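Laboratory data are not the source of any read-out in this text; all were calculated from the coordinates shown. Every value quoted in this text rests on a predicted model; they were computed, and no experiment measured them. Every residue, glycine as well, gets a Cβ built from its backbone with ideal geometry; the counts of neighbours run over all protein chains shown.
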Amino acid sequence: MQPVNEMKLEFLSKSSNEAFARVVAAAFVSQLDPTIEELADVRTAVSEAVTNAIIHGYEDETGTIRMVCRLYERSVEIEISDEGKGIEDIELAMQPLYTSKPEMERSGMGFTVMESFMDRVKVRSKPGEGTTVTLYKTFSSAERPRKKQEK
Amino acid sequence: MDIKFTNRGSTLIAAFSGELDHHFAEYVRNKIEREVIKATTRDVIFDLTGLSFMDSSGIGVLVGRYANIRKLGGKAAIICSNGRIRKILEISGVLKLMPVYSELNDALRALSGA
């Protein structure tokens, strides 16, 4: 399926970019006329994925995080990737309350929050090469008439 | 992100406003910690009413502070009316540690044991 719109963004793994990334994602996704709640779901999930890339992917180093958003008729696919250290055991990392950094007071709930607020979360990772998290969500705007026809 | 403190007897009320994410987690943690260790503080109420955004980084902050408050013999409660933030508190198990109220008076009453 071809996306109706797409954007790509690259930014440094600085914590001040967490807010930037979630605001940009929400602004782009708002073209699909989602509800305020759905938009907040996207902001929360993006914030979790970007935070993971900063804390776990790059740890104390600064690297590049890439975010790709693809809009379809009524759904969005958001890919957030880093070229950081990767995840050894994805299944373990996705367990609720599991964290590799308890000393940093990480709650271990990042993936669980992503899964709760999005329809589907896909994680691909290779130790030493990086991680890509893809978030999928279909909006209820599909059931409401669109405000304006796309040109 | 801002945090303001008021005292009601030995209860410290920490009122959050803005967006709480990983970027602000350490700032908030240090600010609360300084107040919690004061001899005048026993119980703590985290008032999240003014937060427009919180992700799981906020959970780490709350649970970490809760552990310290308990160590010092105090109790803690949360005030939250935002549905999404409440859902994050729920799925992360925070509601099992601290009761959540919609109104400050309810939280104060609960902590005083009335």
TODO: For region A:71-139, restrict the atom set to alpha-carbon positions and state the Rg and Dmax in Å.
DONE: 13.1, 43
- [ ] Between A:Asp119 and B:Arg34, with labels modelled 7 Å along Cα→Cβ, what's the label distance in nm to one decimal, could you check?
- [x] 4.7 nm
TODO: Bin all alpha-carbon pair distances of chain A at 5 Å intervals from 0 and give each bin's fraction as a whole percent.
DONE: 2, 10, 20, 23, 20, 12, 8, 4, 2, 1, 0
Task: Estimated FRET transfer efficiency (B:Ser112, A:Ser16; beta-carbon r; R0 45 Å; 0.05) - done: 0.65
- [ ] Starting from the Cα gyration tensor of the protein assembly as shown, multiply each eigenvalue by 5, take the square root, and state the resulting semi-axes largest first in whole Å.
- [x] 35, 22, 15
- [ ] For A:Asp119, enumerate residues with amide H under 5 Å from its amide H, sequence gap 5+ or separate chain, H modeled in the peptide plane.
- [x] A:Tyr136, A:Lys137, A:Thr138
Task: Whole-Å distance, taken between Cα centres, linking region B:6-58 and region A:29-77 - done: 26 Å
